Amino acid sequence: MGSLHLNARELLVLATICVIWGFHYVVLKTGVEEIPALLYAAMRMSLVALVMSPFLRWRPGRMGPLLLAGLCFGVLNYAFLFNGIKYATGSAAAIAIQLYVPFATILSIVFLGEKVGWRRTLGIALAFGGVAIVALTREHTSADARIGIGVGLVACSALTEAVGAILVKRLVGFKPQEMLAWFGVIGSVCLWPAALTFEPGALSDLRSAELGIVLGAVAYSALGSSVIGHTAYYWLLQRLPVSLVAPSTLITTLLGIAFSVLFLGEQVGPPFIIGALMALAGVAIVLLRSLGSPAIKNAGGAAAPGAPPASLAEKK
């Protein structure tokens, strides 16, 4: 059983993860403004697959569920998320991705037969209501006309990851590094054809883009967010109860908003603040009431850009 308190090293690691994942919204927004979203996702997952390739293992008879989970965690989630951030602001995306937690709870009711009381029901309603307010705000400095579409796409990413968490729960015998490696491979195999098909000018856009910005953004996403961030997150989950680690998602979101305002010049007026507070309060209620339940214990609490659920750490 993990310790009920964080020592200095664990606190430093947790703070580092929050900063890495919080700043990732700035990186993603910058990256998808340089090149098309699917191309960005394909490049990211290719680098993840390359770096994690030593952990690839073929396990006969058990690959089917892994491939399905890979479609959620390596393909659909990034296709939705990166296109969503293209249209929304980084701060709005940071709020919308929080719907992972209520989505995971709803799926646990449908597929795991979990019972929820009025408090979690209220939390779910607050989270969705808050995100809806954020989606309808018109105070942003960019993408005003399509911010609702962007927030909707990010919400689809959150739903996809919640579905993926249910699939991951059914995987047996896979280590987290193996799953991350396979998700990279599956993402590469699917996202490159998708980018070349649905973004026919993608390669031309890449040639005309600021190559240093693109490569830096892709490297940050693949190495910082995925490899370093996820490895550190798994390390914490091995040492600490989920109840201490999962709430860090709220800190990540607050940092994502702060970084987006500071580095991207985004504006957050009263309507956005009201919606954000509603959404975060709703997620906090669901988290606090669910930490011992299948929704969070088995589906995890990570809700950062490209962050898989905590349940991956249970497979070591």
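So which GluC sites (Glu not before Pro) in segment 170-273 are both in a DSSP loop and have at most 15 other Cβ atoms within 10 Å of their Cβ?
Those that pass, being in a loop and sparsely packed, are E210.
Report the semi-axes of the equivalent ellipsoid for segment 140-202 in whole Å, largest first, where each axis is √(5λ) for an eigenvalue λ of the Cα gyration tensor.
So the three semi-axes of segment 140-202 are 29, 19, 9 Å.
When the accessible area of the chain is computed with all protein chains present and a 1.4 Å probe, what percentage of it is carbon and sulfur?
The computed percentage sits at 70.
Okay, helix-only estimate at 222 nm for the chain: each DSSP H run of n ≥ 4 adds -39500 (n - 2.57), divide by all residues, round to 500 deg cm²/dmol; what do you get?
-22000 deg cm²/dmol
Taking the Cα of I228, stepping 7 Å toward and past its beta carbon, and measuring to each backbone N in segment 6-47: which are under 16 Å?
12-28
Expressed as a fraction of 2.2 N^0.38 Å, the rule-of-thumb size for a compact globular protein of N residues, what is the C-alpha radius of gyration of segment 180-264?
Scaled against compact globular proteins, the figure is 1.42.
Which value, in nm² and rounded to one decimal, describes the direction-averaged projected area of the C-alpha convex hull of the chain?
That works out to 15.5 nm², a quarter of the Cα hull's surface.
Mind listing P(r) for segment 3-42? All alpha-carbon pairs, 10 Å bins, whole percents.
27, 31, 22, 16, 4
Binned at 5 Å from 0, what are the whole-percent values of the Cα-Cα distance distribution for segment 51-120, short to long?
3, 12, 13, 18, 16, 15, 15, 6, 2, 0
In square angstrom, rounded to the nearest 10, how much accessible surface does M43 have for a 1.4 Å probe?
It works out to around 30 Å².
Once the Cα gyration tensor of segment 1-114 is diagonalised, what are the square roots of 5 times its eigenvalues, in whole Å and ordered largest first, as equivalent ellipsoid semi-axes?
Sorted largest first and rounded, they come to 24, 23, 20 Å.
Taking Cα pairs under 8 Å and at least six residues apart, what relative contact order does segment 33-168 come out at, in percent?
Reported relative contact order: 43 percent.
Once phi is turned into θ = phi - 60°, what whole-Hz ³J(HN,Hα) does the Karplus curve with 6.51, -1.76 and 1.60 give for every residue of segment 196-205, x standing for Gly and Pro?
5, 7, 8, 10, x, x, 4, 5, 5, 4
Given the peptides 161-167, 127-133, arrange them by the average over their residues of other C-beta atoms within 10 Å, most packed first.
Listed from highest to lowest mean packing, they are 161-167, 127-133.
Roll a 1.4 Å probe over the protein heavy atoms and report the accessible area of S53 in Å², nearest 10.
50
By how many nm would the segment from L50 to A219 lengthen if fully extended, with 0.36 nm per residue of separation less the alpha-carbon distance?
59.7 nm is the gain from fully extending L50 to A219.
So how much accessible area does Y233 have, in Å² to the nearest 10, using a 1.4 Å probe?
Rounded to the nearest 10, the figure is 10 Å².
The values are calculated or read from the model by the stated rules, or taken from the named source; none is laboratory data. Just so it is clear, the structure is predicted and the values come from calculations on it, not from any experiment. So basically every Cβ, Gly included, is an ideal-geometry build from the backbone, and we count neighbours across all protein chains shown. Each accessible area value is taken on the protein alone, full model and side chains, heavy atoms only, with ligands, DNA and RNA left out. Shrake-Rupley method; radii C 1.70, N 1.55, O 1.52, S 1.80 Å.
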